[in-house]
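Okay, structure first, notes after.
The values are calculated or read from the model by the stated rules, or taken from the named source; none is laboratory data. Just so it is clear, the structure is predicted and the values come from calculations on it, not from any experiment. Ideal geometry is used to build each Cβ from the backbone, glycine not excepted, and the neighbour counts take in all protein chains shown.
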Amino acid sequence: MNILSGIASQCPVSGGLAVYRARNLLACVHDWLYDDQLICLEEGILKSAPKPVQNDNLSFTVYPIPASAFLQIKCNIQRDESCYYYLFNVVGQVVTTGSFNLVNTENSIGLLGLPGGVYNLILRSDGGNISNHKVVITK
């Protein structure tokens, strides 16, 4: 666990894909957030600043947990903005990606063809909001 934490704490520019995989594995145990801009700056790497996050309390609810055929994603604020989703398996591989518009406050993601297990769902809106959810798929 210490080795994994050490990899996850690296700057993704220098550590590469292994950094994201380590973070995904750790997300199954802890909900940590990493300030990549600061981490990279400490290593002498200047990353461009991310888009500022809209401070409007945008949040997502993901259900049912456990899921089998689909996931419902409910957003608390309706707006004309895209939301991108990334579903990672426990090894850190992206198993499905896509997007939907937040004009619809309820959207779904199909899970057919995915094996049962624990997954990590990351939601990112155009406004810079990021939400991380643990998902269990049963078959």
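Annotations for the structure displayed:
- Criterion: surrounded by 13 or more Cβ atoms within 10 Å (Cβ to Cβ), of a type outside the set (Ser, Thr, Tyr) and out of contact with any His (no Cβ under 7 Å at 6 or more places or on another chain) - qualifying residue of Ile65, Ile73: Ile73
- Top-ranked residue of region 68-93 - restricted to ones that are within 16 Å of Ile122 (Cβ to Cβ) and of a type in the set (Gly, Ala, Ser), ranked as nearest to the chain's Cα centre (by Cα): Gly92
- Residue within region 71-78 that is of a type outside the set (Val, Ile, Thr), more than 23 Å from Leu4 (Cα to Cα) and either assigned by TED's automatic domain parsing to the domain that holds Gly6 or touching a residue at least 40 places away in the same chain (Cβ under 8 Å) (or both) present: yes
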